[in-house]
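Asks: There's a structure below that I have some questions on.
The values are calculated or read from the model by the stated rules, or taken from the named source; none is laboratory data. If you're wondering where the values come from, they're calculated on a predicted model, not measured in any experiment. Cβ sites come from the backbone with ideal geometry, for glycine too, and all protein chains shown count toward neighbours. These area figures cover heavy atoms from the full protein model, side chains too; ligands, DNA and RNA do not enter into them. Shrake-Rupley method; radii C 1.70, N 1.55, O 1.52, S 1.80 Å.
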Amino acid sequence: TAYEIPKRDWSSDVCSSDLMTAADRFDLTGKVAVLTGAAGLLGRHLARGLAEHGAALALCDVDADGVRSLAAEIGQGATAHVCDVGDAASVRATVDAIVAAHSRIDVLLNNAATKTASLDAFFAPFEEYAPETWREVMRVNVDGMFLMARAVGPVMRRGGGGSIVQTASIYGVVAPDQRIYEGSSYGGRPINTPASYAASKAAVIGLTQYLATYWGADGIRVNTLTPGGVATGQNDEFQRRYSARVPLGRMAAPDDLVGAVVYLASDASRYVTGHNLVVDGGLSTW
């Protein structure tokens, strides 16, 4: 559906930039931010951070109860949208509903990812990895990014511009050190980083670079957020081994990513596009 999108006057923003304080540049008041994977652990923290900086949120997730609960918790006019990002029809219907509810889209945080329906299949050794599991990962981690960006980009163009932030992973930049997984577990089961995850996150970075050049003339900035390992319940042995590889000596906490997202979403990064902002405690410098 083609809606009339109120167009933002970016040239006016540039002319008035000398009047803005540093704090003003991080203010998201008046901006509509779409967040996919909102009901996940990282998504919830990012949603709260965007809301604290004034954004009106359109929260998307396949987890209906989770996304509705989060919208109710945040308030401030946040809307909940049940969306399967790997399904083109679901994405189109969701974006239409968001524009109908909020009139515009200024920020897209393309954040949804999956470990698939079966953790046993997701963490299987490379030599035994099922093609069906590979495709299930790619359907969300890559296809979902493509479909959401494809649907939101034209809305941003009609509105005069916007910011797209796509979540990758440090393992889309460097290979995992297999030694850290010795004796490591999550939820009582052995873990690893499968090739499907690493390949999908590397693809996110490539898609970001493409879209940054494709939509640059339309005032749409596209950047990647690349988190390092986030502490989300891994056992002590994993955290010890991983932290030993990090110059800052620890894994990330979910809140460590919030400032980076607000920066990329806001006018504080108005001249930044095609960039991969790595928030990994220095791991990739070694």
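Asks: Pull out all pairs, ordered by first then second residue, where Cβ-Cβ is under 6 Å, the residues are six or more apart or on different chains, the first lies in region 33-53 and is without any contact (Cβ under 8 Å) to a residue 40 or more places away in the chain, and the second is open to solvent by less than 40 Å² (accessible area, probe 1.4 Å) and of a type in the set (Gly, Ala, Ser).
Replies: Pairs found: Ala39/Gly66; Ala47/Ala38.
Asks: I'm trying to understand the selection: among the residues of region 52-84, which are under 24 Å from Arg158 (Cα atoms) and open to solvent by 10 Å² or more (accessible area, probe 1.4 Å)?
Replies: The answer is Gly54, Ala56, Gly77, Ala78, Thr79, Ala80, His81.
Asks: Follow-up. When the residues of region 224-255 are narrowed to those that are open to solvent by 20 Å² or more (accessible area, probe 1.4 Å) and assigned to a strand (DSSP E or B), which ends up farthest from Ser169 (Cα to Cα)?
Replies: Checking each candidate, the answer is Gln234.
Asks: If you check every pair at least six apart or on different chains, which have Cβ atoms under 9 Å apart with a residue in region 108-134 that is assigned to a strand (DSSP E or B) first and a residue that is polar (S, T, N, Q) and at pLDDT below 95 second?
Replies: none
Asks: Here's another thing I want to ask about it. Could you go through region 187-206 and let me know if any residue there is more than 30 Å from Met20 (Cβ to Cβ), part of a loop (DSSP other than H, G, I, E, B), at pLDDT below 95 and small (Gly, Ala, Ser).
Replies: Looking through region 187-206, at least one residue is more than 30 Å from Met20 (Cβ to Cβ), part of a loop (DSSP other than H, G, I, E, B), at pLDDT below 95 and small (Gly, Ala, Ser).
Asks: Among the residues of region 227-251, what is the count of those that are under 15 Å from Gly43 (Cβ atoms) and not polar (S, T, N, Q)?
Replies: So the answer is 2.
Asks: Kindly establish whether Pro194 is in contact (Cβ under 8 Å) with a residue 60 or more places away in the chain, surrounded by fewer than 17 Cβ atoms within 10 Å (Cβ to Cβ) and more than 24 Å from His275 (Cα to Cα).
Replies: Criteria not met by Pro194.
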